[in-house]
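Written out below as structure tokens is the structure these notes cover.
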Amino acid sequence: MSNGMVKRLARNNAGSDWIVGDIHGTFGKLQAALDEHGFRPESGDRLISVGDLVDRGPESHLALEWLAKPWFHAVRGNHEQMAIEFAAGSGDAWTYQVNGGQWFLDLTDGRQRTFAKAFSEMPVAIEIETTEGLVGVVHAECPFPAWADFTDSLVDESLSLRMADAILEAAMWSRERITRNEDTVLLDVRAVVVGHTPMEKSVWCGNHIYIDTMGWRRGHFTLLDAETLAPAYAKRLSFA
């Protein structure tokens, strides 16, 4: 189910759900990691992304192809948001360029609008049902003490534009929780998986899990099993 800003994924009874950190235009490297670990969408596996599909890497243009895959689900990151804002005429070209957005600036106006439309349709939060409880996915962090308050706010049309923008900015840009090493546990959710902040290895902060381990640069992609909240290890393939 999806209501635009929040996408809810029912429990996966066919395969496994894996959550991946920031991709940043390195889809070939991501595919290699998925192949190595035995990810099999034809058997029901799903991949959930914490956002930032684009910029920095050489394959940002493949983002639309990945968003069209039925087994791939992604929340909107701050880099998708920068593209949306630039295409709408409100973004700063220099800021976007230094953050890896030259590929987008080089597109025709029509192609920019195509990408921006697809990015604007990405949810800000994803909920995954598991046997152990609800797992939330957002790009940067949940800016509320309870996950349900956050998802409710995303669909609350009575909020002022200023308040709604502040919530979106925190969800896609904030590093407040990890900077303060805040260990409070969010209510209404088993764990919240995020990216945005580059880490040498995945880190728990309360029940936020930071998984941007820089697979797009010099690190490795963290592939987190949504059911166990542990790294997804290579599956044993049967040749019988």
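This table checks each residue for (1) touching a Lys or Arg at 6+ places or on another chain (Cβ under 9 Å); (2) polar (S, T, N, Q); (3) closer than 14 Å to Phe119 by Cβ.
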{"site": "Ser43", "(1), (2), (3)": "no, yes, no"}
{"site": "Leu47", "(1), (2), (3)": "yes, no, no"}
{"site": "Gly51", "(1), (2), (3)": "yes, no, yes"}
{"site": "Asp55", "(1), (2), (3)": "no, no, yes"}
{"site": "Glu59", "(1), (2), (3)": "yes, no, no"}
{"site": "Leu64", "(1), (2), (3)": "no, no, yes"}
{"site": "Ala68", "(1), (2), (3)": "no, no, yes"}
{"site": "Asn78", "(1), (2), (3)": "no, yes, yes"}
{"site": "Ala83", "(1), (2), (3)": "no, no, yes"}
Next on the checklist: Go through region 74-96 and report how many residues are more than 14 Å from the chain's Cα centre (by Cα) and either closer than 16 Å to Ser120 by Cβ or surrounded by 15 or more Cβ atoms within 10 Å (Cβ to Cβ) (or both).
Outcome noted: 11
Item to check | Which listed residue is in a strand (DSSP E or B) and among the aromatic types (Phe, Trp, Tyr), from Trp66, Trp18 | outcome: Trp18
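Yes/no matrix, rows are residues, columns are (1) in contact (Cβ under 8 Å) with a residue 40 or more places away in the chain; (2) part of a helix (DSSP H, G or I); (3) out of contact with any Ser or Thr (no Cβ under 7 Å at 6 or more places or on another chain); (4) over 20 Å from Pro70 (Cα atoms):
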| residue | (1), (2), (3), (4) |
| --- | --- |
| Gly89 | no, no, yes, yes |
| Thr95 | no, yes, yes, yes |
| Arg111 | no, yes, yes, yes |
| Thr114 | yes, yes, yes, no |
| Ile126 | yes, no, yes, no |
| Cys142 | yes, no, yes, yes |
Item to check | Candidates Trp71, Trp66, Trp18 - the one that is aromatic (Phe, Trp, Tyr) and open to solvent by 30 Å² or more (accessible area, probe 1.4 Å) | outcome: Trp71
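Evaluate the following for Leu53: is it in contact with a helix residue (DSSP H, G or I) (Cβ under 6 Å, 6 or more places away or on another chain) and over 21 Å from Val124 (Cβ atoms)?
Spelling it out, it is not the case that Leu53 is in contact with a helix residue (DSSP H, G or I) (Cβ under 6 Å, 6 or more places away or on another chain) and over 21 Å from Val124 (Cβ atoms).
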Checklist outcome for this item: Within region 172-197, residues touching a residue at least 40 places away in the same chain (Cβ under 8 Å), assigned to a loop (DSSP other than H, G, I, E, B) and under 15 Å from the mean Cα position of the chain (by Cα) come out as Gly195, His196, Thr197
Checklist outcome for this item: In region 3-35, anything touching a helix residue (DSSP H, G or I) at 6+ places or on another chain (Cβ under 8 Å) and on the phi > 0 side of the Ramachandran plot is listed as His24, Gly25
Checklist entry - Is there a residue in region 171-190 that is touching a helix residue (DSSP H, G or I) at 6+ places or on another chain (Cβ under 9 Å), open to solvent by 30 Å² or more (accessible area, probe 1.4 Å) and closer than 26 Å to Ser60 by Cβ? => result yes
Checklist outcome for this item: Among the residues of region 144-157, the number that are open to solvent by 50 Å² or more (accessible area, probe 1.4 Å) and either small (Gly, Ala, Ser) or more than 13 Å from Ala191 (Cα to Cα) (or both) is 6
Checklist outcome for this item: Picking from Arg40, Arg76, the residue that is among the basic types (Lys, Arg), touching a residue at least 12 places away in the same chain (Cβ under 8 Å) and farther than 21 Å from Val138 by Cβ would be Arg40
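The values are calculated or read from the model by the stated rules, or taken from the named source; none is laboratory data. Predicted model only: the values in this text are computed from it and were never measured. Glycine gets a Cβ as well: all are built from the backbone with ideal geometry, and neighbour counts include every protein chain shown. Surface areas here come from the heavy atoms of the whole protein model, side chains and all, with no ligands, DNA or RNA. Shrake-Rupley method; radii C 1.70, N 1.55, O 1.52, S 1.80 Å.
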